[in-house]
Structure formats: structure tokens, C-alpha cells
Amino acid sequence: MTKSELIERIASKQKQLTAKDVELAVKGILETMSQVLADGGRIEIRGFGSFSLHYRVPRIGRNPKTGEPVALSGKHVPHFKPGKELRDRVNAGMQNES
Amino acid sequence: MTDGALTKADMAERLFEELGLNKREAKEVVEQFFEEIRASLETNEQVKLSGFGNFDLRDKKERPGRNPKTGEEIPINARRVVTFRPGQKLKARVEGYAGSEE
């Protein structure tokens, strides 16, 4: 499912909001989430999961073409931990396939 | 958001303030956003949100495990798990965060 399919699926179930409103809402939610993470914050959605930042220590990398060492500074990367309901539903989805 | 982690209520509040959705509509669309993603993943369908990231599914085989307390061997059942791969744009936005190095 892509972002535009997500928008369509929500819009098809929405009685009040227009497809345009749903599009703006989905984009707004994603922008808010991105901004919170960019500011070093956490996101906690019960039954879905939590997003946070993990720190990667500085290290010496290599230019894959030349093999030359390159100093890489420490950085933060986004991390997602699925919540219980999401884990259980995804796993039940697999059990139901067989 | 006041303090602590961003929640669904905070997201709905922003949609109310920034898009002028009424509070009930805002709350409902935030709920639907996460529910449609769960429903997609539940049917083994990957979710690709460009600019943000992808939610992928991975099937894990059964493997031997241990009860850490008793040391007893118990198999860990085959299962399906969700992984999140942040997109380039999100990674670039987060990389420069200069906060605590935890």
C-alpha cells in the first residue's frame, strides 16, 4: 500500500471528509511525525508502536570505490518498535494463511 | 504537544488547528490512518509512505530459545514481524539532530 492508496482507502470509508481533506490530513500526520523525530522527540501510538531515535557512534568508514578511509560522525537514526496489537495481528495474519 | 511523546491526541489537535477539521473528524482520521496501516500489514501487504519510510514484513523461522530464568529450552515459534525502514528524506532530517548521544 502506498501513500496515495492509504489516502484512497481512508477516503472511501469517510462520510464527512472529502478526499482532498483526507489527503491533507495524511500528509499533515506524516509531517508532524517527521518533525517530532527531527527535533529528537518520541512518538507513542498505543496498539501500533513507538518511534524514537537511536544514536550511531562515530566510526571510520571506507569509500567503497577507492577503499580510502572516511571519518563518519555520529548520527541519529529513526527507530520503530511495533506495539502489541500490531505484532499480534500481523502474526495472526500469518497463522491464518496456512 | 506539551511534553513527553507525541500521541494520537496531539496529532488530532494539530489537524484541528492547522486544517480546521472539527475535533471529532480529526480524531477519527488519525485513528483511521493507523488502522489502515495495521490492516494492510495484517494481510502481509507492505506499506510504503514516501518521504517517511516503509513498513516491511519478515517471516521468521522457528528457532531454539531458552527461558532466561530457568535455562530450559523452549522453541521460539515461526512468526511474522514488522520492520520499519526510514526513507532517505526522514533519515536526512533526523541525522542532524544534535541531542544526547544515548
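Computed values, structure above
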item	result
Selected residue (only one of A:R46, A:R89, A:R9 is open to solvent by 90 Å² or more (accessible area, probe 1.4 Å) and closer than 30 Å to B:R79 by Cβ)	A:R46
Residues of region B:15-59 classified as within 13 Å of the chain's Cα centre (by Cα) and either open to solvent by 40 Å² or more (accessible area, probe 1.4 Å) or at positive phi (or both), total	5
Members of region A:12-34 found to be open to solvent by less than 60 Å² (accessible area, probe 1.4 Å) and within 30 Å of B:G96 (Cβ to Cβ), listed by number	A:E23, A:A25, A:V26, A:G28, A:I29, A:L30, A:T32, A:M33, A:S34
Some residue of region A:70-81 being exposed (fewer than 12 other Cβ atoms within 10 Å of the Cβ), free of Cβ contacts under 8 Å to residues at least 12 places away in the same chain and of a type outside the set (G, A, S)	yes
Enumeration of residues in region A:27-63 that are among the acidic types (D, E) and either in contact with a strand residue (DSSP E or B) (Cβ under 8 Å, 6 or more places away or on another chain) or more than 26 Å from A:S73 (Cβ to Cβ) (or both)	A:E31, A:E44
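For (1) more than 8 Å from chain B (Cβ to nearest Cβ); (2) at pLDDT below 95; (3) touching an Asp or Glu at 6+ places or on another chain (Cβ under 9 Å), each residue gets a yes or a no:
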| residue | (1), (2), (3) |
| --- | --- |
| A:E8 | yes, no, no |
| A:I29 | no, no, no |
| A:S34 | no, no, no |
| A:P69 | yes, yes, no |
| A:P82 | no, no, no |
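The values are calculated or read from the model by the stated rules, or taken from the named source; none is laboratory data. None of the values given here were measured: they were computed from a predicted structure. Virtual Cβ from ideal backbone geometry, glycine too; neighbours counted across all protein chains shown. Side chains are part of the model used for accessible areas, which takes the heavy atoms of the whole protein and leaves out ligands, DNA and RNA. Shrake-Rupley method; radii C 1.70, N 1.55, O 1.52, S 1.80 Å.
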